[in-house]
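To start, the structure itself, in structure tokens.
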Amino acid sequence: MSAGLSPSLVPNERAASNASAPVGIFDSGLGGLSVLRAVRALLPRERLIYVADSLHAPYGERDDDFIVDRTMAIGEWLVGQGAKALVVACNTATAQSIALVRERLPIPLVGVEPGVKPAAAVSRSRVVGVLATAVTLRSARFQSLLERYAGDCRFICQAGHGLVQAVERCDTSSPALMALLESYLAPMLGAGADTLVLGCTHYPFLDRAIRDIAGERLQIVDTSVAIARQLYRLLDAHALKNDSAPPENLPRFCSTADGESQRQLAASLLQLDAPVEHVDIPSRRTRLAEPDIV
């Protein structure tokens, strides 16, 4: 497996048996489009449904119960749309909800977690920076990764406050964004970091901005290719890989918000000009937040 985030492969005997059924990809917002890009490159014949829960993004600033509630609701919605497998393309959702989703959904799934192990393997200076959401960094799953794989590496962990919101509004290079990103990277570079873990699927869209700040001083540990390869193995193991459909079919894009930022990002960064369907996916927590109508 190449350097990237470490996906968790979760076989499920109740998986759908129809190879022509779509694969569901879900993120709190637009970050999972980086995963979708890699999945399309490796599995061009798969039908894909991408759901961005942009109305409730970013998850990194939500409480744990809210994250679990939304992940389950969207997973169940995708099952209802006929999905044969699910990619939870969100580090925060994986960290807080993967165990429950694994138990309750009747399809196999792939989750993601920050690439601590591959970063420790490639770092020569033994100093590694991690950019992730606050929820991911505080999760027991992430702390377990550090304990298992850090070894003699020093990991400098930084919550990327504001970065998800920037990507959600298609801002990957504004002066304000560059200043914010530099404030996060400067301490890592000053400490001698030679490797950077992108612990959120939104952050690969900031790759160019990171390069403008750090040049070639940081080796970036990304997510998407490793996730796509794990999905390939999962579909193949369950005889669910679609080998008959025409290649390069357009994904079905869905958003709980208006979808305009999603359409713009897909067009500019993925060269996919496709409409975005607004979907309403209620859940226990979002129903409770709605005002009573008299």
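Any residue at all in region 31-52 that's closer than 15 Å to Leu86 by Cα, buried (at least 24 other Cβ atoms within 10 Å of the Cβ), more than 16 Å from the chain's Cα centre (by Cα) and assigned by TED's automatic domain parsing to the domain that holds Asn91?
yes
Considering only region 47-66, how many residues are modelled with pLDDT under 95, of a type in the set (Asp, Glu) and either within 18 Å of Asp273 (Cα to Cα) or assigned to a loop (DSSP other than H, G, I, E, B) (or both)?
Residues that pass the stated criteria total 1.
Report, ordered by the first and then the second residue, all pairs with beta carbons closer than 6 Å, sequence separation of six or more or different chains, a first member in region 26-38 that is among the hydroxyl-bearing types (Ser, Thr, Tyr), and a second member that is part of a helix (DSSP H, G or I).
Close Cβ pairs (under 6 Å, with a partner that is part of a helix (DSSP H, G or I)) amount to Ser28/Tyr59; Ser34/Pro204; Ser34/Ser224.
Determine whether Asp258 is within 19 Å of Ser28 (Cα to Cα), among the charged types (D, E, K, R), at pLDDT 95 or above and out of contact with any Gly (no Cβ under 8 Å at 6 or more places or on another chain).
Spelling it out, it is not the case that Asp258 is within 19 Å of Ser28 (Cα to Cα), among the charged types (D, E, K, R), at pLDDT 95 or above and out of contact with any Gly (no Cβ under 8 Å at 6 or more places or on another chain).
Mind counting the residues in region 206-259 that are within 22 Å of the chain's Cα centre (by Cα), in a helix (DSSP H, G or I), buried (at least 17 other Cβ atoms within 10 Å of the Cβ) and free of Cβ contacts under 8 Å to residues at least 40 places away in the same chain?
Going through region 206-259 one residue at a time, the tally reaches 2.
Name every residue in region 110-134 that is out of contact with any Ser or Thr (no Cβ under 7 Å at 6 or more places or on another chain) and of a type in the set (D, E, K, R), in order of residue number.
Within region 110-134, Arg124, Arg126 meet the criteria.
Can you name the residue in region 118-127 that is touching a Gly at 6+ places or on another chain (Cβ under 7 Å) and touching a residue at least 60 places away in the same chain (Cβ under 8 Å) and, of all such residues, is farthest from Gly199 (Cα to Cα)?
Top of the filtered list is Ser125.
With respect to the numbered conditions (1) surrounded by 22 or more Cβ atoms within 10 Å (Cβ to Cβ); (2) at pLDDT 95 or above; (3) touching a Ser or Thr at 6+ places or on another chain (Cβ under 8 Å); (4) of a type outside the set (A, V, I, L, M, F, W, C), which one is the sole condition not fulfilled by Asp69?
(1)
The values are calculated or read from the model by the stated rules, or taken from the named source; none is laboratory data. This structure is a prediction, so every number in the text was calculated from the model and none was measured. When we count neighbours, we look across all protein chains shown, and the Cβ atoms used for this are built from the backbone with ideal geometry, even at glycine.
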